[in-house]
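Have a look at the structure below before the remarks.
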């Protein structure tokens, strides 16, 4: 089979799974849905997985997009994705979680934060609700400072700094995360109202500012221990996270 024939065959399989979301500058390619069985607390749950890529220069010729993959070095850059469960597009009420990548918490199970717990618990909440989506957001590590900077921030925290002081001590703002791409992807998947799983009012404001119908908020506190109590309290005292009675330390 010639290279041209191979490319044509590959395109015939992939082209219906690729979508371009155009923006004022550039755009977002989203690929999916892809059936993804997930081990969730010992039970296999099937999600539909999408991944997206932000590009400054875009084309609707998906053959060109596929042809560029092997030379784009995408393994050197993070890409975001979303897990969809149930009839997300048409269900009257759907739950969503905007989850920031956390290498230490999500992968290693670190107890210094509550991210790993929030990841699995929000997936469980979505499944129990019957439909929803978990957006897993790249470039949000350490509230947007990156993994290497986060490692240095951890050293500062071991020497008496809290999370906000450590980030600011390294020259960053407390929280530099941006949700615009995730919101564009959400709009492409659903137009009906959503309930947001979060303690962070900045996430609520981002959705509302973008004109998305938000029907409510569900809090997500838990996995509190001696290792993350100060971290969680700093979220409330300095980062404005919304406290729910009986679910956060120092009630």
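Just a few scattered comments:
- Cβ separations smaller than 6 Å between residues 6+ apart or across chains give the following pairs from the range 89-100 residues that are within 12 Å of residue 218 (Cα to Cα) to residues that are assigned to a loop (DSSP other than H, G, I, E, B) and at pLDDT 95 or above: 94/88; 94/131.
- Members of the range 68-93 found to be within 21 Å of residue 35 (Cβ to Cβ), part of a loop (DSSP other than H, G, I, E, B) and in contact with a strand residue (DSSP E or B) (Cβ under 8 Å, 6 or more places away or on another chain), listed by number: 79, 86, 88
- Scanning the range 121-149 for residues that are within 21 Å of residue 75 (Cβ to Cβ) and at pLDDT 95 or above turns up 136, 137.
- Any hit, the range 57-71, residues being at pLDDT below 90 and under 18 Å from residue 135 (Cα atoms): no
Residue by residue, here is whether (1) touching a helix residue (DSSP H, G or I) at 6+ places or on another chain (Cβ under 9 Å); (2) loosely packed, with under 10 Cβ neighbours inside 10 Å; (3) farther than 18 Å from residue 135 by Cβ; (4) modelled with pLDDT under 85 holds:
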{"residue": "10", "(1), (2), (3), (4)": "yes, no, yes, yes"}
{"residue": "13", "(1), (2), (3), (4)": "no, yes, yes, yes"}
{"residue": "17", "(1), (2), (3), (4)": "no, no, yes, no"}
{"residue": "20", "(1), (2), (3), (4)": "yes, no, yes, no"}
{"residue": "23", "(1), (2), (3), (4)": "yes, no, no, no"}
{"residue": "29", "(1), (2), (3), (4)": "yes, no, no, no"}
{"residue": "32", "(1), (2), (3), (4)": "yes, no, no, no"}
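- Matching residues in the range 214-236 - criterion: being out of contact with any helix residue (DSSP H, G or I) (no Cβ under 9 Å at 6 or more places or on another chain) and either modelled with pLDDT of 70 or more or not in a loop (DSSP other than H, G, I, E, B) (or both): 215, 216, 219, 225, 226, 227, 229, 232, 233, 236
- Residue 178 vs. criteria outside any helix (DSSP H, G or I) and at positive phi: no
- For first residues located in the range 193-213 and in contact (Cβ under 8 Å) with a residue 60 or more places away in the chain, partners that are loosely packed, with under 14 Cβ neighbours inside 10 Å and assigned to a loop (DSSP other than H, G, I, E, B) and lie 6+ apart or on another chain with Cβ distances below 7 Å form the pairs 193/213.
The values are calculated or read from the model by the stated rules, or taken from the named source; none is laboratory data. Since we're looking at a predicted model, the values are computed, not measured. Neighbour counts are summed over all protein chains in view; Cβ atoms, including those assigned to glycine, are modelled from backbone coordinates with ideal geometry.
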